[in-house]
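Below is one structure, written out as structure tokens, with a few remarks after it.
The values are calculated or read from the model by the stated rules, or taken from the named source; none is laboratory data. What you see is a predicted model; the values in this text were computed from it and never measured. Here Cβ is always computed from backbone atoms with ideal geometry, including for glycine, and neighbour counts include all displayed protein chains. Calculation scope for accessible area: heavy atoms of the full protein, side chains included, ligands and nucleic acids excluded. Shrake-Rupley method; radii C 1.70, N 1.55, O 1.52, S 1.80 Å.
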Amino acid sequence: MMTTDTVKNPRFVAESQTDGEQVDTGLGLSPAKAALKRARGHTGLKIGFGIILLMVFLALFAPWLAPHDPYVQNLPMRLLPPAWVDGGEWRYLLGTDHLGRDYLSRIIYGARISLAIGIGAATVGAIIGVTLGLLAGYFGGWLDQAVNFLVTCQLAIPSLLLIMALVFVIGQSITVVIFVIGATHWVFYLVVTRSATLRLREMDFVAAARSMGCSRFQVAVREVLPNLSNQIMVIFTLEVAIAILSEATLSFLGLGIPSPMPSWGLMIAEGKTSMFFQPWLVVLPGLALFMLVIAVNLLGDGVRDVTVTDRRS
Amino acid sequence: MASYILRRGLLALLVALVVSFGTFALFYFATDPAQTIAGEDAPPEMVEEIRQEYGFDRPVSVQYVAWLGGVFQGDFGESYFWKQPVGELIREHAGVTIILALSSLMVTILIALPLGIGAALKPNSWVDRFALSTAVSAQAIPNFWLGLMVIILLAVMFPIFPVSGDATWRHYVLPALVLGASSVPAVMRLTRTGLLEVLGADYIRTARAKGFMGYQLIFRQALRNALLPVVSVLAVQLGHKLGGSVVTESVFSMNGLGRLAVESIFNSDIPTVQSLILIFVLTFVLLTLAADLINAWLDPRIRMG
Amino acid sequence: MNTQPLLDIRNLSVEIPTESSTLKAVRGVDLELKRGETLGIVGESGSGKSMTALAMMSLLPPAARRSAACINFDGADLMQASEHDFAVQVRGQRIGMIFQEPMTSLNPVYTIGRQLKETMTLHRKVSESEAEVRAIHLLEKVGLPDPASRLKQYPHELSGGQRQRVMIAMALMNEPELLIADEPTTALDVTIQAQILRLLRDLQQELGMSMILITHDLGVVSRAADKIAVMYAGDIVETGTTEEVLLNPRHPYTQGLLECVPGYRNGALKRLGSIPGIVPSMTGTVQGCAFASRCPRAVDTCRTQTPPSQEISPQRMYVCHDPQETRDWQPSPAPGLSQDMLVSPSQGQTPILSVNSVSCTFSVRRGMFGKRIPLRAMNDISLQVNKGEVLALVGESGCGKTTLTRTIMGLQQPDTGSVVLNGQRIETLPAMQRARMIQPIFQDPYSSLNPRKTIGEIIGKPLAVHKLGSRQEQLAKTYSMMELVGLPRRVFNSYPNQLSGGQRQRAAIGRALIMRPEVVICDEPTSALDVSVQAQILNLLLDLRDELDLTYLFVTHNLSVVQHMADRVAVMYLGEIVECGDRDDVMLNPRHPYTRALMDSALSIAPGEIVPDLGLSGDFPNPMNRPAGCAFNPRCPIAEQVCRERAPAPEIIGSSLVRCWKAQPSSDRPIA
């Protein structure tokens, strides 16, 4: 088929040198390098990334970092205030809860639960939402209408109530919470994936791939999907934040992580009864939640800012 | 236009039916209402008797249709747990939720719209930075925790407002603030990006070339276009708030529909959960329908299809 | 009449700060415009021509910084005017402006009437009804039928051409002294373009306005402007009367640009000239002449010293060192295979691709719940492409060109009829086999390359998909293809966003050709490119045709490109081929009234000539609302009763196939 492949026509070479446009190497970086360069100058992203790194470190090495076992009760030592407040003890840096468990250790272990649920649920949601969005956007037709109807239904249900009902019916555990939150938080992925796919589907590189003999499935996965990665990454981080908050809310209402696990939301619920006298029981886990979620959001906003590429630059 | 409304209305109804049947089936397969009514320690014969008496042995679709038939006649059934008609229960609790939802929507509008518009008019100014950091922080604060903090601060340390309950208007101030704050980031961001997008549109450049400037440009040229997405998001937010502000109501111990729903779930009170979900879904779909109609009125492209 | 110029701009500059540096979009522009005169500002994309206009109107993007010695408008310096003065006294009142994109330039939520009237009531103390009278009067003047009822319509109910007419009427509401038209016809089809340009010229003469016409199209400016300013990299490099600049260009850039235009040198089939390199990015300090890096006459002085303006007469000037050493340089076509390419070497009569009475109807849903309406995209289309030839497919947007090319590539199933490629029906060919025989090249090089893949991956992808050869062999073939299409080896690992438009189009060509297809469908391959880059790509395509023995189906709306490239031409209108035949027959002797109008609307560079009246009425119809009888009859200047009743069948006249009841024998062509 390709017999004349080694054509070395001197005239073409001559033209390519005199006529061909110069690559202005200062003009553009590859997409990944350009994003990295912008990331280095993005304060919010760096702060968010730093906090998350710290949280992940705490979660991974919790057994070595926590001063006490988070489950061991020490009733004589119950409801100790943080060490710097009158009546506090330096052994219990952040005080103890109503069962005398070390609050610092419980908060450190709590990072594990929040991160696991955040990442797990956001992954479950991503798998559902991206798959449906890609199918609906790329293949269209009745599939698209069916998916749209599903989205309308999902949006119409008060999602917290649905999650609570599901957890109540299935039973309380980390896995259940991950899957239930994931299964109710895929709409955002779907909407973005679908509209991006609809736009990409009309791009000529998709037609080019089709006309070189690729199947529709190949085109959807190999040509369209890689172009969605930035947007999916951004939604993923935002959904991690939402999942963390959902779990906390759920546990606060008593239908999330079962006691005695150190979920921050559950800790707030347990502290609520004595919050007028021991406000730190409510304030501290809340602050931990706030820090983690704001860090994830900063990271997400940052990723969005640095990956926005000017198509025609 | 009439057929547009009709089709949207039918779609809304279909969504409500599908969702309510889904929840009905979920509880049908996962719980045993006869046991619930009889109580945990009831003897098996008694449970069986109740099962037959209430018709729980019929197929799920038959039970659903029977229940739905009742709903169309205004009969939502009898609560297993509170032992009173569900319709009555809902009427007792709805007022709190409606007042709370509407007042918190006002809070959202009063904070989010001015911030969003201000931020869009002067991008990268201090207003914009303030608005964005407000949004980022508000998004990260767990709403129930914000409620507790507000109680500690404004009801305990500085006892300006009551801690909990729903007796007077003063009881609604803190919950409305907290619930309203939860929608501020979404509404504010959308207002900002929507207005920014409109201000960058070609037709705004045309309007400037015609001699429009300042407030005339914003109010006579840009605002109507920028409002379109905001109307939709406000409808969604109001829908969520009317759909049981579960968290706020339980933090402030208010007897609204959200709390009613939570307690019904905890007690496997199927008729109540059922009816509430149907009402929430219907409310939501009708609100988004209303938003679509407002948008159709604002935008001739939608109106004329 | 006073001889003072209406507009006098001195040393206008615009700077736009970017992430890392400052872009000098406009660098010290001087302009002068007398009353009643039309100035054409010509330049390629990025030359700063639109920025100059926006700076005049103080409508620059918020980040941009403007400076000038003065912008005198009728004796008053606009540089001293506040934003408030500008809005109240100048914009829309004394200077009107029209933009490129009629589809997005009108506010979608307000009626045409409101938008027209407010232009007047904003500036003058007139009543609503007075403004309405004026609005109706102007809508009638710009050629919109039934103007009174138009006032109640919304922009989305009008076509692009109609919207541009409304924009013009709006700009004229307050009888401005100056009208600035920024690429007013670029987004429109050629027949509409001719109508709009004619309208602008008539209105300008009638109202005695001055006009600034900004365009990249040398053909347009040659017909519409009294004098021309050529812009390059933010500066004016040459000015003079239209005739002087276009027929006797002095600046090497103007000379090079004109050589790039197909058909500028009358002997059509010559190789096009080209300007090597790309416009340098105007950031930081600019040393010497901005054109020096691409100039064939450049000497050392050009690179180090700012070029002087050479004044030939008060109205004629060019900015160039005009070095002695290279004075005898002559503009000439770019080097290549042959200077003349009259007949394709391997052109024969063996059909390689034939389309046999293909029809296709879509059902289109309006809105999410709207009714399904049939849209006949192709109606009984037959075509034959012979081995080695270039068949040009010409038609305006919405005529069904895209559906036809998709059908030919087997990506769209026709309702009836068949496409036969090399003796085999295309729908029976497996996708992989089809792909080795026929390949597309697309219009927009920004959308035809996957932004997430490197150039090497993109060009070599067909080989990988078809598993042709080992990894090494694939690499070798990719490199040799890059060489063939004139891409340097170093861009192998670059991403599309790092390449210029021309380079991307070269990569797209490489990808299409790497499997050595026999037929290539070129879908407007140069219409997204600047004219100097277009010339490079057209030259490349012709060279490759000869080198690789290719057959092209060349879809385009640009008739000078057709004139330059095609052996035969097929003209499409509303899903039908209305005329098809040898290039010279069709172009010089059109038999179908639509072809005739189309050929008349092609604006070659002809200073002194005006835009012809096409005699077409109305706009391109909505394909969902096909007229009965001959599809062209509502616009046709010579339609009769039979045309309104029955659709004509294709008929062979001379060497052409024509679909018209009133097709003329070749000799007696009436003057339209």
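Here C:Thr428 passes the criteria (1) open to solvent by 40 Å² or more (accessible area, probe 1.4 Å); (2) facing chain A (nearest Cβ under 8 Å); (3) at pLDDT below 90 except the one numbered (2).
Would you confirm, using the coordinates I've provided, whether B:Val156 is over 22 Å from the mean Cα position of the chain (by Cα), assigned to a loop (DSSP other than H, G, I, E, B) and within 14 Å of chain A (Cβ to nearest Cβ)? Show your work before the answer.
On the way: over 22 Å from the mean Cα position of the chain (by Cα): yes; assigned to a loop (DSSP other than H, G, I, E, B): no; within 14 Å of chain A (Cβ to nearest Cβ): yes.
Judged against the criteria, B:Val156 is not a match.
Strands (runs of 3 or more DSSP E) wholly in the stretch C:563-672 with at least 2 residues that are open to solvent by less than 20 Å² (accessible area, probe 1.4 Å) - which ones?
On the way: elements: C:568-573, C:576-582, C:651-653, C:656-658.
Qualifying strands (runs of 3 or more DSSP E): C:568-573, C:576-582, C:656-658.
Note on the stretch C:502-519: among residues that are at the interface with chain A (Cβ under 8 Å from one of its Cβ atoms) and farther than 12 Å from C:Ser448 by Cβ, the one that is surrounded by the fewest Cβ atoms within 10 Å (Cβ to Cβ) is C:Arg516.
Give the number of residues within the stretch C:453-476 that are facing chain A (nearest Cβ under 10 Å), without any contact (Cβ under 8 Å) to a residue 40 or more places away in the chain and either part of a loop (DSSP other than H, G, I, E, B) or buried (at least 21 other Cβ atoms within 10 Å of the Cβ) (or both). Spell out the reasoning first.
Let us first name the residues in the stretch C:453-476 that are facing chain A (nearest Cβ under 10 Å), namely C:453-454, C:458, C:461-466, C:468-469, C:473, C:476.
Subset that is without any contact (Cβ under 8 Å) to a residue 40 or more places away in the chain: C:464-465, C:469, C:473, C:476.
Of the ones still in play, those that are also either part of a loop (DSSP other than H, G, I, E, B) or buried (at least 21 other Cβ atoms within 10 Å of the Cβ) (or both) are C:469.
The qualifying residues number 1.
Does the stretch B:188-203 contain any residue that is open to solvent by 50 Å² or more (accessible area, probe 1.4 Å), at the interface with another protein chain (Cβ under 7 Å from one of its Cβ atoms) and touching a residue at least 12 places away in the same chain (Cβ under 8 Å)? Within the stretch B:188-203, none of the residues are open to solvent by 50 Å² or more (accessible area, probe 1.4 Å), at the interface with another protein chain (Cβ under 7 Å from one of its Cβ atoms) and touching a residue at least 12 places away in the same chain (Cβ under 8 Å). Do you know which residues across the stretch C:563-598 are under 17 Å from C:Glu524 (Cα atoms) and β-branched (Val, Ile, Thr)? Correct list: C:Val569, C:Val571.
Considering each residue of the stretch C:207-225, count those that are closer than 23 Å to C:Gly263 by Cβ and not basic (Lys, Arg), and give that number. Result for the stretch C:207-225: 12.
Hey, can you tell me all the residues within the stretch C:116-172 that are of a type in the set (Ser, Thr, Tyr) and farther than 19 Å from C:Met103 by Cβ? Walk me through how you get there before you give the answer.
Within the stretch C:116-172, the first condition is being of a type in the set (Ser, Thr, Tyr), and the residues that meet it are C:119, C:121, C:127, C:129, C:149, C:154, C:159.
Those that are of a type in the set (Ser, Thr, Tyr) and farther than 19 Å from C:Met103 by Cβ: C:Thr119, C:Thr121, C:Ser127, C:Ser129, C:Ser149.
Among the residues of the stretch A:269-280, is any touching a residue at least 60 places away in the same chain (Cβ under 8 Å), open to solvent by less than 10 Å² (accessible area, probe 1.4 Å) and more than 10 Å from chain B (Cβ to nearest Cβ)? No, the stretch A:269-280 has no match at all.
Do we have A:Ile257 as in contact (Cβ under 8 Å) with a residue 12 or more places away in the chain and farther than 30 Å from C:Pro496 by Cβ here?
On the way: in contact (Cβ under 8 Å) with a residue 12 or more places away in the chain: yes; farther than 30 Å from C:Pro496 by Cβ: yes.
Here the answer is yes, as A:Ile257 does meet what is asked.
Which ones in the stretch C:597-624 are over 27 Å from C:Leu375 (Cβ atoms) and not β-branched (Val, Ile, Thr)? Hits for the stretch C:597-624 are C:Met599, C:Asp600, C:Ala602, C:Leu603, C:Ser604, C:Ala606, C:Pro607, C:Gly608, C:Glu609, C:Pro612, C:Asp613, C:Gly615. For the stretch C:377-399, check the following and say yes or no: at least one residue is without any contact (Cβ under 8 Å) to a residue 12 or more places away in the chain and surrounded by fewer than 20 Cβ atoms within 10 Å (Cβ to Cβ). No, that holds for no residue. Here is the figure for the stretch C:397-433: residues that are assigned to a loop (DSSP other than H, G, I, E, B) and within 32 Å of the chain's Cα centre (by Cα) total 10. Looking at C:Asp585, C:Asp619, just one residue is of a type in the set (Asp, Glu), within 30 Å of C:Thr38 (Cα to Cα), modelled with pLDDT under 90 and not assigned by TED's automatic domain parsing to the domain that holds C:Gln195, and that residue is C:Asp619. Looking only at residues of the stretch C:274-317 that are among the aliphatic types (A, V, I, L, M), touching a Pro at 6+ places or on another chain (Cβ under 9 Å) and more than 18 Å from C:Gln330 (Cα to Cα), we find that the one that is most open to solvent (accessible area, probe 1.4 Å) is C:Val286.
Among the candidates C:Ala229, C:Ala169, the residue that is open to solvent by less than 10 Å² (accessible area, probe 1.4 Å), outside the structural domain of C:Ala602 (by TED's automatic domain parsing) and in contact with a Gly (Cβ under 8 Å, 6 or more places away or on another chain) is uniquely C:Ala229. Quick check on the stretch B:110-137: of everything there that is within 10 Å of another protein chain (Cβ to nearest Cβ) and either in contact with a Pro (Cβ under 9 Å, 6 or more places away or on another chain) or open to solvent by less than 40 Å² (accessible area, probe 1.4 Å) (or both), which residue is farthest from B:Val184 (Cα to Cα)? Once the filter is applied, the top-ranked residue is B:Pro123. Whenever a residue of the stretch B:22-51 is within 13 Å of another protein chain (Cβ to nearest Cβ) and of a type in the set (D, E, K, R), its partners that are surrounded by 13 or more Cβ atoms within 10 Å (Cβ to Cβ) and assigned to a helix (DSSP H, G or I), lying with C-beta atoms within less than 8 angstrom and at least six residues away or across chains, give the pairs B:Asp32/B:Val47. Tallying residues that are part of a helix (DSSP H, G or I), more than 9 Å from chain A (Cβ to nearest Cβ) and not charged (D, E, K, R) within the stretch B:243-261 yields 3. If the condition is being touching a residue at least 40 places away in the same chain (Cβ under 8 Å) and open to solvent by 50 Å² or more (accessible area, probe 1.4 Å), then the stretch C:76-111 contributes C:Arg94, C:Gln100, C:Glu101, C:Met103.
For the stretch C:479-501, a residue qualifies if it is under 25 Å from A:Ala32 (Cα atoms), assigned to a helix (DSSP H, G or I) and open to solvent by 20 Å² or more (accessible area, probe 1.4 Å), and the qualifying residues are C:Tyr479, C:Arg489, C:Arg490, C:Asn497, C:Gln498. Within the stretch C:124-146, the presence of at least one residue that is within 12 Å of chain B (Cβ to nearest Cβ) and under 26 Å from B:Leu217 (Cβ atoms) is confirmed. None of C:Arg504, C:Arg436, C:Arg516 is within 27 Å of the chain's Cα centre (by Cα) and within 25 Å of C:Thr556 (Cα to Cα) except C:Arg504.
Annotation: C:Ser58 fulfils all but one of (1) on the phi < 0 side of the Ramachandran plot; (2) within 14 Å of another protein chain (Cβ to nearest Cβ); (3) surrounded by fewer than 22 Cβ atoms within 10 Å (Cβ to Cβ); (4) not aliphatic (A, V, I, L, M); the unmet one is (1). Please determine whether any residue of the stretch A:93-103 is modelled with pLDDT of 90 or more and in a helix (DSSP H, G or I). Yes, the conditions are met somewhere in the stretch A:93-103.
The residue that is farthest from the chain's Cα centre (by Cα), among those in the stretch C:519-541 that are modelled with pLDDT under 90 and among the β-branched types (Val, Ile, Thr), is C:Val533.
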